[in-house]
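Some notes on the structure that comes next.
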Amino acid sequence: MNDLDRLQQICPPPEPGHSPLEWTAVEYALGTQLPRDYKELVERYGAGSFKDFLSVLRPHAAHEALDIVKVTPSARSAVEELSQWVEPPCPPRLLQPVAVTSNGDDIFWLLDPPEKPDRWKVTVKDINGDDWFIFDGHVTAFLLGFCTNEVVVPGFPDDLQEKGASFIPAP
């Protein structure tokens, strides 16, 4: 059983209600290939939030702030600007936004190595501090750990651990 299967057991996804995405066009717009697990996750869950806190960015999201293609340029610019004061875990050009929280935390992939997206790690920039949390695994494993409280991100609210695993589809 893979991480997506395990995630679906604890956070049942909604019934599919969208057309398959054209990933080639999305990857072209972003200038990079995307991890296989991310594409499967987005296809299976669609838009929504985990624990009513963490939303995975996706292409063609109804809400522009959750659209991976539209958010990427501004997120990279913000990290570039922030890097003047806070040392990011890698050069800003090697960070690709993948999710956001309702607190305003940004979640990125570390594009290392850039040509092997299935090996990218996940990193979280704490909105209230200078620290970067790095998760040594792919985004679906990160979400699974987040939902089961096996991955606790410093800077995320403490009461998240009291919330049960859930996925709330976007309206």
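Hey, can you tell me all the residues within region 32-77 that are aliphatic (A, V, I, L, M) and either in a strand (DSSP E or B) or loosely packed, with under 15 Cβ neighbours inside 10 Å (or both)?
Leu54, Val56, Ala62, Ala65
Considering only residues that are open to solvent by less than 80 Å² (accessible area, probe 1.4 Å) and β-branched (Val, Ile, Thr), look in region 103-133 and name the one that is farthest from Leu82 (Cα to Cα).
Val122
In the set Leu144, Leu110, which member is of a type outside the set (D, E, K, R) and under 18 Å from Asn2 (Cβ atoms)?
Details: Leu110 fails: under 18 Å from Asn2 (Cβ atoms).
Just one listed residue meets the conditions, Leu144.
Restrict the check to region 4-17 and report whether at least one residue is closer than 15 Å to Ile168 by Cβ, of a type in the set (Val, Ile, Thr) and in a helix (DSSP H, G or I).
Within region 4-17, one or more residues are closer than 15 Å to Ile168 by Cβ, of a type in the set (Val, Ile, Thr) and in a helix (DSSP H, G or I).
Looking at Pro13, is it closer than 27 Å to Asp158 by Cα, open to solvent by less than 70 Å² (accessible area, probe 1.4 Å) and under 17 Å from the mean Cα position of the chain (by Cα)? Spell out how you get there, then give the answer.
Details: closer than 27 Å to Asp158 by Cα: yes; open to solvent by less than 70 Å² (accessible area, probe 1.4 Å): yes; under 17 Å from the mean Cα position of the chain (by Cα): yes.
Against the criterion (closer than 27 Å to Asp158 by Cα, open to solvent by less than 70 Å² (accessible area, probe 1.4 Å) and under 17 Å from the mean Cα position of the chain (by Cα)), Pro13 qualifies.
Looking only at region 109-126, how many residues end up being in a loop (DSSP other than H, G, I, E, B) and either touching a Ser or Thr at 6+ places or on another chain (Cβ under 8 Å) or polar (S, T, N, Q) (or both)?
2
How about region 127-148: which of its residues are closer than 17 Å to Leu160 by Cα and part of a strand (DSSP E or B)?
Phe133
Whether any residue in region 153-169 is open to solvent by 80 Å² or more (accessible area, probe 1.4 Å), outside any loop (DSSP other than H, G, I, E, B) and not charged (D, E, K, R) is what I want to check.
yes
Please determine whether any residue of region 61-83 is under 17 Å from Asp130 (Cβ atoms) and in contact with a strand residue (DSSP E or B) (Cβ under 6 Å, 6 or more places away or on another chain). Walk me through how you get there before you give the answer.
Here is the first cut: in region 61-83, the residues under 17 Å from Asp130 (Cβ atoms) are 78-83.
In the following step, the residues that additionally are in contact with a strand residue (DSSP E or B) (Cβ under 6 Å, 6 or more places away or on another chain) were identified as 79.
Yes, region 61-83 has at least one match.
The values are calculated or read from the model by the stated rules, or taken from the named source; none is laboratory data. Source: prediction; values computed, not measured. All Cβ positions, even for glycine, are placed from backbone atoms using ideal geometry, and neighbour counts span all protein chains on display. What goes into the accessible areas is simple: the full protein's heavy atoms, side chains included, and nothing from ligands, DNA or RNA. Shrake-Rupley method; radii C 1.70, N 1.55, O 1.52, S 1.80 Å.
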